[in-house]
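Reading through the structure tokens given below for one structure.
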Amino acid sequence: MGKPLIIVESPAKATTIKKYLSGKYEVEASAGHIKDLPQSSLGIDIQKGFAPKLEVVRGKKKIVDRLKKAASTADEVFIATDPDREGEAIAWHIAEELKKVVPSARRVLFHEITRDAVRKALEHPRDLDVLMYESQLARRTLDRLVGYQISPILWKKVQGGLSAGRVQSVAVRLVVEREREIEAFDSKEYWLVHAVVHKDEAQSKPFKALLRKIDGRKAELSGKAVTFELVERLREASFRIASLVRKDRPRAPSPPYITSSLQQDASRLLHFSPSHTMSVAQRLYEGVDLGDEGRVGLITYMRTDSVRLSADSVTEARSVIASQFGPDYVPARQVEYRNRRSAQDAHEAIRPTSAERTPASLKGVLERDEQKLYALIYNRFLACQMRPAIFDQTTVDIEAAGAEFRAAGSVMKFDGWLAVWRLDKSARLEDVETSEPEDEGDGGQRLPSSLVEGDALLLDDLLTEQKFTEPPPRFTEATLVRELEERGIGRPSTYASIVSTIQDKSYVYKHEGRLRPSELGRIVNDLLSGHFRGVVDYDFTARMEQDLDLIEEGRLDRLELLEKFYLEFSRTLEQAQGEMRSVKVDAVPSGVRCPECSKELLIRLGKNGAFLGCEGYPECRVTREFDRDVKGHVVVRESPDVGTCPTCQAPLQIRSGKFGKFVACSRYPDCRFTMPYSRGERCPVDGCAGRLVERQSKKGKKFFSCSAYPGCRFITSYEPLEETCPECGAPVLFVRSFRGTRTVMCQREGCGFTRRVLARKAAGSGQG
């Protein structure tokens, strides 16, 4: 017989593991799933207990044959796919395909890809987990039943190529409902009043206090008149310290990362999408070439909802903390964190495989994004095992003529876990989230140490600030992940794919870093919410995730769950097929009248997105592009005058196509004249007479190129600014926006002109 065989998913993981085992084992990779439901049909025999019709994935037969050949000569076979439900399903399918050559393959779990972890795992193999596989199979079946049976209805009623999903449709609903919540929001005016006061001492520094109460009630100033009336009253009042509290206030570190919190912080701090975060984390987990050390797995498994840490990792972290920061930074006891009730706790939290391997030691070895993400994980892990930071917190309540003001200030006495950020010069302290809420009142200032309860204070000024209530913010990719997690929708392994899918399907798009629903997303959501309420119901979807957990725990039968679901779902399907409104036939009303025939313009869906088309079509062929105003009302997009058609002398119009804007004749399809759309800016290339043309990539990203292409191949993703370069005379400059900073630059070859653009201060503050 030959060597023992280990089968993993990833070729990169296979390379790392093979190195650790010094040639004592053969290691092969399945390259992901080898079996799945067919693409061309439902693949579920509903009448026979929802039996799946699994088949070898297209293009994977050679891999399966290679695995069979390797297994036939192996002494033992260990299947070491990822330690989650998907990994267990892959393991199960591999075992099925190898059954004729290897009747009893064993399962091993690698929670981290290190030499010791791999060897220990191989010492403790187990049988395949049938309950975990049953849970995955139930999820796959549910997703297939929903997707393959609702999607054809959408093709018929709305547009070909659409899809619905048990979780993706719920995510779309979240984005749509948040947008409508914003549109329905009525902003209200309110005013803040700050008192600038000081103690009657020559050296006393003034400080600010925020108005909190008036005559014992919460201060609610709704207009300028009442605010300024109060200010005038207070100018004649005597100010004194009603109470003063000084105390040490601890600020505890956050728990170690789980999948969702890592995706959120990577988005907030590193500007990574959830899918990119998981891709980089996968590489760190599977192994990175560290030169002399070879390939090393740097982090533990990155799909987890548990904040649990192994005792060995905590012991190592405490040792590193003591050596790098001193014993004062090590808590008396090991710090433990509690999991959420819904957590599966199958794996540890995301942490470095070795606390000794600092981010600084890996600089120049890791790729840029790998370095950034590793530093984030490392810092969070080390910090979570350190003592809290201690702040000397002072809270001062000030009374004046029935009004109560509060000032708060703090001074760091002990940096505790915040000291970690000294190791990482790229991290900023203001980026660090803590578990402590901010105090009410004017905080973040240093208050005079000489303040005493009962002291009289002198008024320097009263500052007024006009504000308006704001609607809830639109979701970012990170906050949508957080919302899904908090509602119990989806699992760590699915968050990134959900967020990507709803954008790939054009249900949702990103604008200035925030997610907005497309017209297609609105229409599909409304249809699904009206006819498949149970499928897109938040509580139903969360309960389904809980039921899948119960199957894995052996407390619920897969067939029982599927039968219960399909009994109601099949009725809903039949009803929807007959009753769901066809958007193809009955387009969505817009409330806007046609400028030529006065009939209503209807929202229609074309291959390049939504547009307005006249109700009187084909007699009236008026079409318009449109936007929605802040209240969600349809507004016809004003098209600038771009001249007349050289073919038929009809007005030209700006239209949007698959690859961006273009100019076309208003008499289309009778006249098919088109030309590239240019806003008028000249190409910056020296000697080129072309104009910049706005285009769109296949992935929907806007860019600008020269109209003289292919003669001129200038291209940029930065916004043109019709301003001459002061250094080289180029006819146009460009604006780059990055992390809130705007930079004006010249892109003519050989010219390095740049100019920083200062952000404007928000309007609406005044002084009374």
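Pairs of C-alpha atoms in region 663-736 farther apart than 18 Å represent 45 percent of all such pairs. When peptides 187-194, 267-274 are ranked by their average number of other Cβ atoms within 10 Å per residue, the highest-first order is 267-274, 187-194. Label sites at ALA51 and ASP116, each approximated as a point 7 angstrom past Cα along Cα to Cβ, lie 4.9 nm apart. Peptide packing: for 309-317, 412-420, the average count of neighbouring Cβ atoms within 10 Å per residue gives the ranking 412-420, 309-317, highest mean first.
Per the Debye calculation on region 149-190 with a single equal scatterer at every Cα and no solvent contribution, log₁₀ I(q)/I(0) for q = 0.24 Å⁻¹ amounts to -0.84. The Cα center of region 482-499 and the Cα center of region 390-418 differ in position by 38 Å. Globularity index of region 185-282 is 1.83 (Cα radius of gyration / 2.2 N^0.38 Å, N = number of residues).
The loop-placed trypsin sites (Lys or Arg not before Pro) in region 290-350, going by DSSP, that have at most 12 neighbouring Cβ atoms within 10 Å of their Cβ come out as ARG333, ARG338, ARG341. Where in region 212-250 are there GluC sites (Glu not before Pro) that are in a DSSP coil and have at most 10 other Cβ atoms within 10 angstrom of their Cβ? Here the sparse-neighbourhood loop sites are GLU220, GLU236. Measuring how big region 543-671 is from its alpha-carbon positions, Rg and Dmax come out at 23.5, 74 Å. Across the alpha-carbon atoms of region 602-649, the computed radius of gyration and Dmax are 13.1, 41 angstrom. Of the residues VAL585, GLY554, GLY530, the one whose Cα sits farthest toward the positive end of the charge dipole of the chain, with +1 on the Cβ of Lys and Arg and -1 on the Cβ of Asp and Glu, is VAL585. For SER40 and LEU458, the FRET efficiency from 1/(1 + (r/R0)^6), where r spans their Cβ atoms and R0 equals 60 Å, is about 0.15. Principal axis analysis of the Cα atoms in region 259-387 yields extents of 39, 37, 25 Å, listed in decreasing size. Using r as the Cβ-Cβ distance of LYS702 and ASP143, and R0 as 25 Å, what FRET efficiency do you calculate, to the nearest 0.05? About 0.15, to the nearest 0.05. Computed over the chain, the per-residue total of -39500 (n - 2.57) for DSSP H runs of n ≥ 4 gives a 222 nm mean residue ellipticity of -9500 deg cm²/dmol, rounded to 500. Summing Cβ point charges (Lys, Arg +1; Asp, Glu -1) relative to the Cα centre of the chain gives a dipole of roughly 2380 debye.
Taking 30 Å as R0, compute the FRET efficiency from the Cβ-Cβ separation of LYS631 and GLU596 and round it to 0.05. Walk me through the intermediate numbers first.
Working: r = 26 Å, r/R0 = 0.88.
That pair, LYS631 with GLU596, gives E of 0.70.
Each label point was placed 7 Å from the Cα along the Cα-to-Cβ direction; for LYS363 and VAL101 their separation is 4.9 nm. Of the options (i) 31.2; (ii) 28.4; (iii) 27.6, only one is Kirkwood radius over Cα pairs in Å as computed from these coordinates, and that is (i).
Taking amide H as placed 1.01 Å from N in the peptide plane, the amide H of PHE239 sits under 5 Å from that of LEU457, each at least 5 places away or on another chain.
Remark: region 5-128 carries a charge dipole of roughly 360 debye about the Cα centre, counting +1 on each Lys and Arg Cβ and -1 on each Asp and Glu Cβ. When the Cα positions of LEU109, HIS124, ILE94 are compared along the charge dipole of region 5-128, ILE94 comes out farthest toward the positive end, with charges on each C-beta of Lys, Arg, Asp and Glu. Its residues counted as N, region 1-118 yields a C-alpha radius of gyration over 2.2 N^0.38 Å of 1.12. When only the Cβ of Lys, Arg, Asp and Glu is charged (+1, +1, -1, -1), the dipole of region 259-387 relative to its Cα centre reaches about 520 debye.
How do the peptides 584-591, 536-543, 249-256 rank, highest first, by the average count of neighbouring beta carbon atoms within 10 Å per residue?
Values: 584-591: 13.6, 536-543: 16.8, 249-256: 19.9.
Packing order, densest peptide first, comes out as 249-256, 536-543, 584-591.
When both region 526-588 and region 636-675 are represented by their alpha-carbon centers, they are found 44 Å apart.
Over the chain, Cα pairs under 8 Å with separation of 6+ residues give a relative contact order of 12 percent.
Every number here is computed from the coordinates shown, using simple stated rules; none is lab data. All values reported here derive from a predicted model rather than from experimental measurement. As a convention, Cβ positions derive from the backbone with ideal geometry for all residues, glycine included, and neighbour counts pool all protein chains shown.
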